[in-house]
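Data block below; observations after.
Taken together, the values in this text are just the output of simple stated rules run on the coordinates, not laboratory data. Remember, it's a predicted structure, so these values are computed and weren't measured experimentally. Positions of Cβ are backbone-derived with ideal geometry, glycine not excepted, and every protein chain shown enters the neighbour counts.
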Amino acid sequence: MKTTIKAFALVAGTLFAGSAFSAQVVCDVYPKSNGSSWGNGTANCSGFDYSFGRTTNGRYYLKDVTKSIQEVRWEGDAQCTGGTSCNATIRAYTSNKASALILYKDGTWERTNTASAFYETGH
């Protein structure tokens, strides 16, 4: 019985190990034509300009990472392969979201929060 409990505790600890860390995904929005941005470096960022464009540039990146990273798997609107930062096209009036699965060199992993970037343009 003790062996069964120990085995279960080991498996449960392995499954939940990924959520014990604190890395997070944050975003930046870079409006065109000297526009304004709010919340850059947080999980909810936004920007506004008068360019009347459909998109602007932005970036999703990792913050508060405390361990050595082996691999990053970006998800959502972050269309990158690896790396701790991912440039993105932020579409106007659309939900732009990204998160990441971080695989650490010590064999543990972590799934991050989801960052949201919003962009408006016009008058």
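Hey, what did the stretch 37-123 get for relative contact order, percent, Cα under 8 Å, at least 6 apart? Across the stretch 37-123, relative contact order equals 36 percent.
Of the chymotrypsin sites (Phe, Trp or Tyr not before Pro) found in the stretch 55-123, those in coil by DSSP whose Cβ has at most 12 other Cβ atoms within 10 Å are Tyr93. Between Thr89 and Glu120, the modelled labels are 2.4 nm apart [label points 7 Å from Cα along Cα→Cβ]. What do you get for trypsin sites (Lys or Arg not before Pro) in the stretch 34-109 restricted to DSSP loop and a cutoff of at most 13 other Cβ within 10 Å of the site's Cβ? Within the stretch 34-109, the qualifying trypsin sites (Lys or Arg not before Pro) (loop, at most 13 other Cβ atoms within 10 Å) are Arg54, Lys67, Lys105.
All other residues whose Cβ lies under 13 angstrom from that of Asp49 are scored, Lys and Arg at +1 and Asp and Glu at -1, for a net of +1.
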